[in-house]
Amino acid sequence: MSYLVPFVEVVLGDGRSFRYGMVEPRDGRAIVLRHFKPRPVSRKVGVLISSLLDRILTDESWKPVTRYSVDVRDGHVAEYMDRQVHVATEHCGHIDPVDLDEYLANDGFMALEKCVKELNPQEVIDQIKRNGLRGRGGAGFPTHLKWSAVRSNTAEKKYIVCNGDEGDPGAFMDRMLMESYPYRILEGMAIAAHTVGADEGFLYIRAEYPLAVRRINEAIDKCRQRGLLGNNILKSNFSLNLSVVAGAGAFVCGEETALMASIEGRRGMPRLRPPYPAERGLWDKPTLINNVETYTVVPWIIRNGAEKFSSVGTVNSKGMKVFALAGKIARGGLIEVPIIGRSSRETH
Amino acid sequence: MAANPDELLHLVDSDRIDMNELDLTFVDEIISEIGTSAEKVLQILQALQRHYGYLPKEELQRVCELTDITPASIVGVSSFYDQFRHRPSGRHMIRVCIGTACHVKGGQRVYDAFKRYLNIPDTEDTDADRLFTIEKVACLGCCMLAPAIQIDDVVYGHLSGEKVPTVLGDFLEQQGSIVKQSAQQLGVKPGEELGEIRVCLDSSCIAGGSAKVY
C-alpha cells in the first residue's frame, strides 16, 4: 500500500497488530508509548515530564497518534489487502529482508533442500510444468520448456542469469522483490541451477536500484557463509557461485541478448535469435535466463506441490502475478493477485 | 600492437577541471580486486565512475596498460551506457526520473525547476559551486511517488517546483547523523520481548521518510 508510506506495524506479544500509515519521525515516540509502557518508575516520570514540556514549550499542536491508525476494516484497505494472494510476496510484512535466520524459520531453503536431496531434475521440471508457470518478465514463455532446453544441452559448462533490469516504465515489482525477498530469489535460482546443471550465475540489476544491489550482495554473502551457496551446497555435490552485475543505465539491457552482451563487458547491442540463450548464451555456453519474479515463485511451487499454483488463473495463464499500480490513480502500490480476466476498473 | 591509446582516447571528451596530482593507486587497487580480463571493463569503469564521479583520461590509460582491455573497448562501452560521464561532476548527483509515470506527472518541470534554482546554464549540468550535477534518468522504480528524483542514493517523491529548496536542504542536512532509540530506555530485560515494531524499508518507503521513522 505505497500510498500510505511510511508504513509501520506494531505487533504485540499476544499477537494483536496495529497499523499506522503516513507516519512522521516525530510521531515515533507517541506510537511506541501507546503500546509499550516504560517499566522503571523513574523512567515513567521522565517520559511524563518530557511529554508535558513538549506540549508547553513547542508550537506544535498535539494530535493523537490514532489519526495514523490504519484499520484493516476500512474500505480502501480491505479492498487492497483482501484479494491478494501472497506467493512471490509470501510473509509480506513479517520478515526482515536480510535476516537469514528469519527466512530459514519461515520455510526458507526447504524447497532447495527437497530438490537437492529428494527430487531429481526431471521431477522438478515436471512440477513446474504441471503448475503451468510462465515467465513473469512479460513474454510469458513456458518456464519448463526453457529449463528443459538448457538441461538437455550436453555442454559441460552452463550459466544461470537473473534478469533484474526492470526497465518497463511504471513497473517496480522486481525492485520490490529484490529489496524485500532476496533470499527467495537466490533459492529459486539455486533450484533452477541444480535442475539445469549450471554452476555459475549472475544477477543483472539496474544501476537505478542501489538498495536492491546492496541487499542481494548481502544475501549472497550470508548464504555463502552458511553453505547455502558456493561449493557443496547443503553438503551435497551441487555447487553454485552467484555474483551481482550492476547495469549502467541502458534500457535495452533488459532484453536478454543485450543483457548477456553487457555481462560479457560489451556494448549492450541485441542480436538475432536463434541461437537462443539456452543453446548459446553467455560466452557461447548454454544459459538459463529468467525474470526475478519467475525465480521468486519457484520455492513456493516446490514446497506446495502439484497443482496448487495452477488452481488459480485462466486457462492459459496460471497462478499469481505481482502488479504495480502507478500514475494518475488514487491509491498506488503493489498487489499480488491471481491472474483472472478482470477489468482494470476493479483494481481501482 | 593496438593503435596509440592517446589517439583514440582523445575522442572521449574528458577535460580535467580538477588539476590535483595524478593518483593512480586507486586504479591499481581496483584492477587487482576486479581482474584484468577484457570482460571486466564494465565493472572497472563503474568503480572509476563511483570514485571520481566521471572517467578521467589518465586513469583510463592506466587501465589499458594494466589489463587486456583495449582503448576501443573503453570508448565503445563508455559511450554506450548512460551512467558514464566524461566530464567531472559535482559532489552529489541529482537524477530526475523521466519515466512514463513521472513524465505524466510533470518530471520535466521538476528538472527545469532544479536547474533554475541551482542556476545551471542550459549547456551545463553542474552548478557553479560544483556541489550538484543534474541528469535525467529512466524509471527509478518509485512510480507511485511520481514525480521522483534520486540524489546519490536517496530517493525523494512527490516533487514539485516549490519543493526543490526543501529537498536540497533536507538532503544536505541528512548527510549528518541518524538517531537510534534503544530498547534499554524502555527498561526491557534481556531476552524479554514486548512485541515487534515493523517499519517498511524498501526504496519507496525510504523515499517517503521511513528511514527517519526507524
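The values are calculated or read from the model by the stated rules, or taken from the named source; none is laboratory data. As the structure is a computational prediction, the values presented were derived from the model and not from experiment. Positions of Cβ are generated from backbone atoms using ideal geometry, with glycine treated the same way; all protein chains shown enter the neighbour counts.
Quick check on A:Leu259: is it in contact with a strand residue (DSSP E or B) (Cβ under 6 Å, 6 or more places away or on another chain), within 14 Å of another protein chain (Cβ to nearest Cβ), within 19 Å of A:Gly138 (Cα to Cα) and outside any loop (DSSP other than H, G, I, E, B)?
Working: in contact with a strand residue (DSSP E or B) (Cβ under 6 Å, 6 or more places away or on another chain): yes; within 14 Å of another protein chain (Cβ to nearest Cβ): yes; within 19 Å of A:Gly138 (Cα to Cα): yes; outside any loop (DSSP other than H, G, I, E, B): yes.
For A:Leu259, the condition - in contact with a strand residue (DSSP E or B) (Cβ under 6 Å, 6 or more places away or on another chain), within 14 Å of another protein chain (Cβ to nearest Cβ), within 19 Å of A:Gly138 (Cα to Cα) and outside any loop (DSSP other than H, G, I, E, B) - is met.
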Checklist outcome for this item: Condition set surrounded by fewer than 24 Cβ atoms within 10 Å (Cβ to Cβ) and among the small types (Gly, Ala, Ser), scope segment B:112-156, selection farthest from A:Met22 (Cα to Cα): answer is B:Ala128
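Scan segment A:187-208 for residues that are assigned to a helix (DSSP H, G or I) and either among the polar types (S, T, N, Q) or farther than 16 Å from A:Ile289 by Cβ (or both) and jot them down.
A:Glu187, A:His194, A:Thr195
Against the definition (at pLDDT below 90, surrounded by 17 or more Cβ atoms within 10 Å (Cβ to Cβ) and under 24 Å from the mean Cα position of the chain (by Cα)), how does A:Met320 come out, yes or no? Spell out how you get there, then give the answer.
Working: at pLDDT below 90: yes; surrounded by 17 or more Cβ atoms within 10 Å (Cβ to Cβ): yes; under 24 Å from the mean Cα position of the chain (by Cα): yes.
Yes: the conditions hold for A:Met320.
Grab the helices (runs of 4 or more DSSP H) fully contained in segment A:97-183, keeping just those with 1 or more residues being surrounded by 21 or more Cβ atoms within 10 Å (Cβ to Cβ) and within 14 Å of chain B (Cβ to nearest Cβ). Don't jump to the end; show me each part of the working.
Details: elements: A:100-105, A:110-117, A:121-130, A:143-152, A:173-180.
Those helices (runs of 4 or more DSSP H) span A:173-180.
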Checklist entry - Counting just the residues of segment A:241-258 that are within 22 Å of A:Arg184 (Cβ to Cβ) and in contact with an Asp or Glu (Cβ under 6 Å, 6 or more places away or on another chain), which one comes out modelled with the highest pLDDT? => result A:Asn241
Checklist entry - Is at least one residue of segment B:177-193 under 20 Å from A:Pro6 (Cβ atoms) and at pLDDT 50 or above? => result no
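When segment B:46-60 is examined, which residues are found to be under 18 Å from A:Gly265 (Cβ atoms) and surrounded by fewer than 18 Cβ atoms within 10 Å (Cβ to Cβ)?
Answer for segment B:46-60, where residues must be under 18 Å from A:Gly265 (Cβ atoms) and surrounded by fewer than 18 Cβ atoms within 10 Å (Cβ to Cβ): just B:Arg50.
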Checklist outcome for this item: From the option list B:Ile74, B:Ile98, single residue qualifying as under 27 Å from A:Arg175 (Cα atoms), aliphatic (A, V, I, L, M) and either within 11 Å of another protein chain (Cβ to nearest Cβ) or surrounded by 19 or more Cβ atoms within 10 Å (Cβ to Cβ) (or both) is B:Ile98
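Kindly indicate the residue of segment A:209-237 that is basic (Lys, Arg) and within 14 Å of another protein chain (Cβ to nearest Cβ) and also nearest to A:Lys114 (Cα to Cα) among those meeting that condition. Give the steps one after another, and end with the answer.
Going through segment A:209-237, the residues basic (Lys, Arg) turn out to be A:214-215, A:222, A:224, A:226, A:235.
Checking the rest, the ones that are also within 14 Å of another protein chain (Cβ to nearest Cβ) come to A:214-215.
Numbers: A:Arg214: 29, A:Arg215: 26 Å.
Checked segment A:209-237; the qualifying residue nearest to A:Lys114 (Cα to Cα) is A:Arg215.
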Next on the checklist: Against the definition (of a type in the set (Val, Ile, Thr), at pLDDT below 90 and either within 28 Å of A:His86 (Cα to Cα) or within 20 Å of the chain's Cα centre (by Cα) (or both)), how does A:Val297 come out, yes or no?
Outcome noted: no
